[in-house]
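Participant: Structure below; questions to follow.
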Amino acid sequence: MSSTTSGKQTPSCNGYSARVVCLIPARYSSSRFEGKPLADLCGRPMVQHVYDRVLRSGRVSFAAVVTDDERIFRAVRGFGGNAIMTSSRHRSGTDRIAEAAATLDLDGRDIVVNVQGDQPLFEPEQIVEVIEPLVQEENLAFSTLIYRIRRREEISHPHAVKVVFDREGFALYFSRAQIPYVRDPEEKVDYYKHHGIYAYRRNFLAEFAALEQSRLERLEALEQLRALENGIRIKVVESAYDSVEVDSPEELERVRRIIEGKGT
């Protein structure tokens, strides 16, 4: 059962025909970095940095952290944020988002943005970037951000998810492996990584959550492959901004140095 800090919400977004809300999935359990949403980052829990940046976007009328852990729920309430408790049985962050969105008073064509709770340096402008295709084309249901890789070590790093896309800007495949594979070493190619920032139509979330977990999704541990395997198109938007995802204490330390102006 889901619960919010103040019952059902009716968000609005001036200037848009569809309303925009942002939900931030945050899990305490993690094989690589347990408790990372609550990890101290310059005197505040990491998830608070994400929440505050969401509110700075100027496009979101309601934001909440979505979690299955009471410790995270209480921490968010403690800094004055909205929090929604969900089941602990979800297969992915998008499934968790789908449950939380169902508790909100949203129209089917309203837009739900998913910003991961481990991206404390994401730029608020990225919310504007990811929702733009859905704002412009009402028949689109799913969009996400990508970024041209500049740091060569990310090309082969499995934590940096790579993506290839067609000429119309729709994803063909996402992988933790290096894609595309370049057979000719003389051939130059740009590699793109996937940022874990999504935008969905509210009615699409219910459709997605009703699908069985797909084979490629299980193999790669990438929920967006469930959509592709079921013939659902994902519009990709090249972001002007990079965003560090914190998957280890070492990456948290890198983010801390960036915030303090001591690193990149």
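Participant: Give the residues of the stretch 123-145 that are farther than 30 Å from ILE258 by Cβ and surrounded by fewer than 18 Cβ atoms within 10 Å (Cβ to Cβ), sorted by residue number.
Facilitator: Listed by number, the residues that qualify are GLN136, GLU137, GLU138, ASN139.
Participant: Just checking, does the stretch 196-209 include any residue being assigned to a loop (DSSP other than H, G, I, E, B) and buried (at least 17 other Cβ atoms within 10 Å of the Cβ)?
Facilitator: No - not one qualifying residue is present in the stretch 196-209.
Participant: Name the residues in the stretch 33-59 that are at pLDDT below 95 and either touching a Lys or Arg at 6+ places or on another chain (Cβ under 7 Å) or within 21 Å of ASP95 (Cα to Cα) (or both), would you?
Facilitator: The answer is GLU34, GLY35, LYS36, PRO37, LEU38, LEU41, CYS42, MET46.
Participant: So how many residues does the stretch 234-253 have that are at pLDDT 90 or above and buried (at least 16 other Cβ atoms within 10 Å of the Cβ)?
Facilitator: 6
Participant: Being surrounded by fewer than 19 Cβ atoms within 10 Å (Cβ to Cβ) and modelled with pLDDT of 95 or more: is that true of ARG215 here?
Facilitator: Spelling it out, ARG215 is indeed surrounded by fewer than 19 Cβ atoms within 10 Å (Cβ to Cβ) and modelled with pLDDT of 95 or more.
Participant: Taking LEU104 as the residue in question, decide whether it is closer than 25 Å to LEU216 by Cβ, surrounded by 13 or more Cβ atoms within 10 Å (Cβ to Cβ) and touching a strand residue (DSSP E or B) at 6+ places or on another chain (Cβ under 7 Å).
Facilitator: no
Participant: Tally time: how many residues in the stretch 150-165 are over 20 Å from the mean Cα position of the chain (by Cα) and either closer than 14 Å to GLN224 by Cβ or of a type in the set (Ser, Thr, Tyr) (or both)?
Facilitator: Count: 1.
Participant: Of all residues in the stretch 84-118, how many are assigned to a helix (DSSP H, G or I), in contact with a Ser or Thr (Cβ under 7 Å, 6 or more places away or on another chain) and under 18 Å from SER30 (Cα atoms)?
Facilitator: Adding up the residues that qualify gives 1.
Participant: What pairs come up if the first residue lies in the stretch 137-149 and is touching a residue at least 40 places away in the same chain (Cβ under 8 Å) and farther than 14 Å from ILE127 by Cα, the second is β-branched (Val, Ile, Thr) and surrounded by fewer than 22 Cβ atoms within 10 Å (Cβ to Cβ), and their beta carbons are under 6 Å apart, counting only those six or more places apart or on different chains?
Facilitator: Filtered contacts from the stretch 137-149: ILE149/ILE155.
Participant: So, in the stretch 16-46, of the ones that are hydrophobic (A, V, I, L, M, F, W, C) and part of a strand (DSSP E or B), which residue ends up surrounded by the fewest Cβ atoms within 10 Å (Cβ to Cβ)?
Facilitator: Among residues in the stretch 16-46 that are hydrophobic (A, V, I, L, M, F, W, C) and part of a strand (DSSP E or B), the one surrounded by the fewest Cβ atoms within 10 Å (Cβ to Cβ) is LEU41.
Participant: Applying the selection to the stretch 166-208, what residues are under 16 Å from the mean Cα position of the chain (by Cα) and either of a type in the set (Val, Ile, Thr) or more than 20 Å from LEU145 (Cβ to Cβ) (or both)?
Facilitator: Correct list: ILE197 only.
The values are calculated or read from the model by the stated rules, or taken from the named source; none is laboratory data. Remember, it's a predicted structure, so these values are computed and weren't measured experimentally. Virtual Cβ from ideal backbone geometry, glycine too; neighbours counted across all protein chains shown.
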